[in-house]
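The values are calculated or read from the model by the stated rules, or taken from the named source; none is laboratory data. Remember, predicted model here, so these are calculated numbers, not experimental data. Note that each Cβ is placed from the backbone with ideal geometry, even for glycine, and that neighbours are counted across all protein chains shown.
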There are 2 protein chains.
Amino acid sequence: MTETDRAKTPDDPTREASASPKGSETLTPPVFDQSFQQQFIDLLLWRRDVRRFRTDPIPEADIDGLIAEACLAPSVGNCQPWRFVKVNAPERRRAIRDSFERANQQALNDYEGERAKLYASLKLQGMDQAPVQLAVFADEETEAGMGLGRKTMPEMLDYSAVAAVQLLWLAARVKGIGMGWVSILEPNVVQQVLDVPEHWRLIAYLCIGYPEEDNVVPELVRHGWQDRIDPHDVTLDR
Amino acid sequence: MTETDRAKTPDDPTREASASPKGSETLTPPVFDQSFQQQFIDLLLWRRDVRRFRTDPIPEADIDGLIAEACLAPSVGNCQPWRFVKVNAPERRRAIRDSFERANQQALNDYEGERAKLYASLKLQGMDQAPVQLAVFADEETEAGMGLGRKTMPEMLDYSAVAAVQLLWLAARVKGIGMGWVSILEPNVVQQVLDVPEHWRLIAYLCIGYPEEDNVVPELVRHGWQDRIDPHDVTLDR
């Protein structure tokens, strides 16, 4: 299915984009004006790893729309290795919640004193409230892309799925929807609980819903776990 | 350095955002209207892996601005593991170009017949024209974030650097600047050529410049290498 075909799919939310491809001769590339540029920076500033959700449901069509936008991510050799699993069954959610509890307890044991107290006080996931839970995998055996671009850097396949997660995150925030990425999990447990092929690697477990509050400062900064680092301190010339 | 401090840095391009944090009591979260929502989808649709660049230079301040926006990416435990290396020295660029040639020749040997001909005809990088070349690494030994969130999924550190690359890509496109991600490289060679610490893992080698042309359809789709996949075909319910 080509991108041109995609734009004709009636339930594709990207079809209304003013630049939707119809015939390449009629397309004008967008120019993003000053107002958009400022709002784009606002989007980056206000994207948060959300752990506090309202429980109101999110329409399934909206989630499918976010997934469609995520599928516009770059991927190595255009292999599009991302696989999305909507986790709906309460018993599966419970088993994944249990996996978090085990992994979190183990992690807590790595810290001592004040740091352990601080760790224990942090809210690290919103699995009990988030109306939508989405697992994202990378299909390590996909034939799409024919291996292009990942002979010397095979990890590019996983990175492509990460790119899709990042777009989904921004697309959600654009619609006022919050997302949190839970990584304190046992990947093999999640894979088994969700009954997906063995060659799908867990990339992300996402909690999605309307945020209980908006905040421009990351939760881990506010709680004194880790401050922002100045970009100049992580840039070298060679 | 906190996010509040960052906003006061005079050369921080994010300081002009209408939501720049000054005091949290005065902050109103942005609402992204229909016009922004459509333009955001345009941004995703028109982001391309660019391999054909004009050679006009890009002001250093603009590149630093893109890096600052990339640093607003999410990172596990807020560890901000991204490290940016501006590759300026012609001999270093040449050595990395040589690495591409070797890796590309080896990759070509994996294909046969028509596929090999097609592979050989593809333009897979723009290293000869791109005025800016930026290597992105993940610092595998950073103490920032104190290991939070990556005990069971240590790969989250690398994924955080991938997220920064993704934001840099979109931020560039917002300003009409194109980016291409070159992964047909020998990571250990790039690391040595750039003389960075051994515990920095190469995540991405980026070519950046004004694109020679804009196109809404990915180059690999246009050249018949790999079509788009329908999002419905990569989504499951569980």
List the number of the failed condition for B:LEU72; all other conditions in (1) more than 17 Å from B:LEU206 (Cβ to Cβ); (2) among the aliphatic types (A, V, I, L, M); (3) within 12 Å of the chain's Cα centre (by Cα) hold.
(3)
In the set A:LYS117, A:LYS123, which member is among the basic types (Lys, Arg), over 22 Å from B:ASP237 (Cα atoms) and assigned to a helix (DSSP H, G or I)?
A:LYS117
For the range A:183-211, enumerate the residues that are within 7 Å of chain B (Cβ to nearest Cβ), farther than 22 Å from A:SER160 by Cβ and either free of Cβ contacts under 8 Å to residues at least 12 places away in the same chain or not β-branched (Val, Ile, Thr) (or both).
A:GLU186, A:ASP195
Can you pull out the residues in the range B:159-168 that are within 7 Å of another protein chain (Cβ to nearest Cβ) and either closer than 15 Å to A:LEU43 by Cβ or over 10 Å from the mean Cα position of the chain (by Cα) (or both)?
B:TYR159, B:ALA163, B:GLN166, B:LEU167
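Let me confirm something: among A:ASP214, A:ASP237, which residue is facing another protein chain (nearest Cβ under 7 Å) and either of a type in the set (Gly, Ala, Ser) or over 20 Å from the mean Cα position of the chain (by Cα) (or both)?
Values: A:ASP214 fails: either of a type in the set (Gly, Ala, Ser) or over 20 Å from the mean Cα position of the chain (by Cα) (or both).
After applying the criteria, what remains is A:ASP237.
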Identify, from the list B:LEU27, B:LEU44, the residue that is modelled with pLDDT of 95 or more and facing chain A (nearest Cβ under 7 Å).
B:LEU44
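Take the range B:34-75 and flag every residue that is outside any loop (DSSP other than H, G, I, E, B) and β-branched (Val, Ile, Thr). Walk me through it before giving the result.
Here is the first cut: in the range B:34-75, the residues outside any loop (DSSP other than H, G, I, E, B) are B:34-46, B:49, B:53, B:60-70.
B:ILE41, B:ILE63, B:ILE67, listed by residue number.
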So, of the residues in the range B:139-155 that are more than 19 Å from A:LEU108 (Cβ to Cβ) and touching a residue at least 40 places away in the same chain (Cβ under 8 Å), which turns out to be nearest to the other protein chains (Cβ to nearest Cβ)?
B:ALA144
Among the residues of the range A:87-114, which ones are of a type in the set (D, E, K, R), part of a helix (DSSP H, G or I) and over 14 Å from A:VAL182 (Cα atoms)?
A:GLU91, A:ARG92, A:ARG94, A:GLU114
Residues that are touching a Phe, Trp or Tyr at 6+ places or on another chain (Cβ under 6 Å) and closer than 19 Å to B:ALA130 by Cα, drawn from the range B:154-176
B:VAL174
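Please enumerate the residues belonging to the range A:52-89 that are of a type in the set (Ser, Thr, Tyr) and under 30 Å from A:LEU122 (Cβ atoms).
Initial filter on the range A:52-89 (of a type in the set (Ser, Thr, Tyr)): A:55, A:75.
Residue satisfying the conditions is A:THR55 alone.
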So, restricting to strands (runs of 3 or more DSSP E) that lie completely within the range B:129-231, which ones have at least 3 residues that are crowded, with 20+ Cβ neighbours inside 10 Å and of a type in the set (A, V, I, L, M)?
B:132-139, B:200-209
Out of the range B:66-122, which residues are more than 20 Å from A:MET153 (Cβ to Cβ), charged (D, E, K, R) and at the interface with another protein chain (Cβ under 10 Å from one of its Cβ atoms)?
B:GLU69, B:LYS86, B:ARG115
